[in-house]
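Visitor: The structure is given below, and queries will be raised subsequently.
The values are calculated or read from the model by the stated rules, or taken from the named source; none is laboratory data. Since this is a predicted model, take the numbers as computed values, not measurements. When we count neighbours, we look across all protein chains shown, and the Cβ atoms used for this are built from the backbone with ideal geometry, even at glycine.
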């Protein structure tokens with residue numbers, strides 16, 4: 001099908017779909033490790049890359065290919081490389097495009113495990129990393145060296161929902177001969193398309209909204225064929241591979257992506273607006289609110305504020321901020337206490353002691369992650385039930 005003639009909602013349902021001679025209407029699941037060849041010559045041609053086709057499911061599988069093609073159509077990318085998790089997607093991107101001695105500029109407002117990957121593991125292998133403010137282009141400009149290869153951002157950020165100007169950062173990166181990589185996990189292509197705004201590469205944790213029901217782990221790297229070639233080469237060799245079963249689950253998730261993201265965002269805006277009126281809430285962070293520092297920018301880059309709301313709990317007399325946050329979380333009966341997000345079920349977590357617990361206290365403070373901060377990934381329950389669950393402690 002011609003991806004350019006259809007609306008994104010249609011691409012979510014139809015793009016990338018192929019059927020076998022049996023004519024199945026739902027994508028087939030190929031649970032096999034290898035594929036047979038008609039001859040030794042064909043095997044050689046497949047391995048040599050002169051004939052397209054499936055070889056071995058570590059790097060070629062029809063179900064995974066369908067997922068890759070569908071997500072690429074939604075992001076407007078030439079190619080998608082599917083991986084075993086969101087973190088392996090970041091690893092594949094960096095290992096494919098960088099070498100020892102190269103330099104990466106990354107936002108300090110990224111997922112705690114991403115901070116560990118860049119700041120500890122990759123640093124040990126000779127990658128130099130500078131962390132800067134997500135929202136201040138001058139800091140990105142000042143951090144550039146003659147070895148800078150990548151800019152890496154999450155926008156909106158985890159967990160503070162800060163938003164950067166993708167086009168401005170892309171211009172800064174390109175002027176320095178670097179690539180801009182955007183983790184689009186919080187928005188998905190249903191809400192934001194970074195490549196259309198000037199980014200070079202998009203990263204996804206498919207585990208989150210792309211799945212939508214908390215079932216499987218997976219990730220993806222998307223961009224031009226030229227940039228994806230070394231990323232795919234790393235995956236082919238290292239095997240950070242998405243399983244066929246997980247790809248099949250994600251294909252089903254993508255079919256409902258747009259309607260789910262609309263519902264998540266509607267609920268999130270309603271919950272964030274309600275939280276701003278509660279006396280036990282000190283501050284709410286949500287891009288869809290007019291009070292958000294980058295609200296106008298978010299509404300230019302995104303179709304909605306997304307599904308993630310964070311807020312700071314006011315301590316009661318004698319409470320520390322962490323005690324106040326934990327008391328609120330523990331009082332909930334409906335919302336799931338888990339650090340995952342993107343599920344149909346609303347989830348709640350305390351970032352300072354979970355997702356960002358391995359980040360230093362100083363780094364958390366710089367990123368605005370206080371001990372009283374609570375993050376909710378707003379699900380698809382009725383909004384009044386979510387409000388009532390959060391109000392149990394103060395009822």
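Visitor: Among the candidates 238, 199, which residue alone is crowded, with 24+ Cβ neighbours inside 10 Å and either in contact (Cβ under 8 Å) with a residue 24 or more places away in the chain or not assigned by TED's automatic domain parsing to the domain that holds residue 17 (or both)?
Guide: So the residue among 238, 199 that is crowded, with 24+ Cβ neighbours inside 10 Å and either in contact (Cβ under 8 Å) with a residue 24 or more places away in the chain or not assigned by TED's automatic domain parsing to the domain that holds residue 17 (or both) is 199.
Visitor: Out of the strands (runs of 3 or more DSSP E) lying entirely within the stretch 113-225, which hold 3 or more residues that are within 23 Å of residue 79 (Cβ to Cβ) and in contact with a strand residue (DSSP E or B) (Cβ under 6 Å, 6 or more places away or on another chain)?
Guide: Once the strands (runs of 3 or more DSSP E) in the stretch 113-225 are filtered for at least 3 residues that are within 23 Å of residue 79 (Cβ to Cβ) and in contact with a strand residue (DSSP E or B) (Cβ under 6 Å, 6 or more places away or on another chain), what remains is 148-154, 179-183, 201-205, 219-223.
Visitor: Ok, one more. I need the helices (runs of 4 or more DSSP H) fully contained in the stretch 6-95, keeping only those with at least 1 residues that are farther than 17 Å from residue 205 by Cα and either in contact (Cβ under 8 Å) with a residue 60 or more places away in the chain or in contact with a strand residue (DSSP E or B) (Cβ under 8 Å, 6 or more places away or on another chain) (or both).
Guide: Passing ranges, in order: 8-14, 62-75.
Visitor: Filter the stretch 355-369 for residues that are surrounded by 15 or more Cβ atoms within 10 Å (Cβ to Cβ) and farther than 16 Å from residue 286 by Cα; which is nearest to the chain's Cα centre (by Cα)?
Guide: 355
Visitor: In the stretch 96-112, which residue that is in a helix (DSSP H, G or I) and over 18 Å from residue 169 (Cβ atoms) is modelled with the highest pLDDT?
Guide: 96
Visitor: Given the conditions (1) touching a helix residue (DSSP H, G or I) at 6+ places or on another chain (Cβ under 9 Å); (2) in contact (Cβ under 8 Å) with a residue 24 or more places away in the chain; (3) closer than 30 Å to residue 15 by Cβ, report the number of the one that residue 310 does not fulfil.
Guide: Unmet condition: (3).
Visitor: For the stretch 362-376, how many residues meet the condition of being in contact with a helix residue (DSSP H, G or I) (Cβ under 8 Å, 6 or more places away or on another chain) and either assigned to a helix (DSSP H, G or I) or within 14 Å of residue 332 (Cα to Cα) (or both)?
Guide: Number of matching residues: 5.
Visitor: Does at least one position in the stretch 137-152 carry a residue that is under 20 Å from residue 92 (Cα atoms) and free of Cβ contacts under 8 Å to residues at least 40 places away in the same chain?
Guide: No, the conditions are met nowhere in the stretch 137-152.
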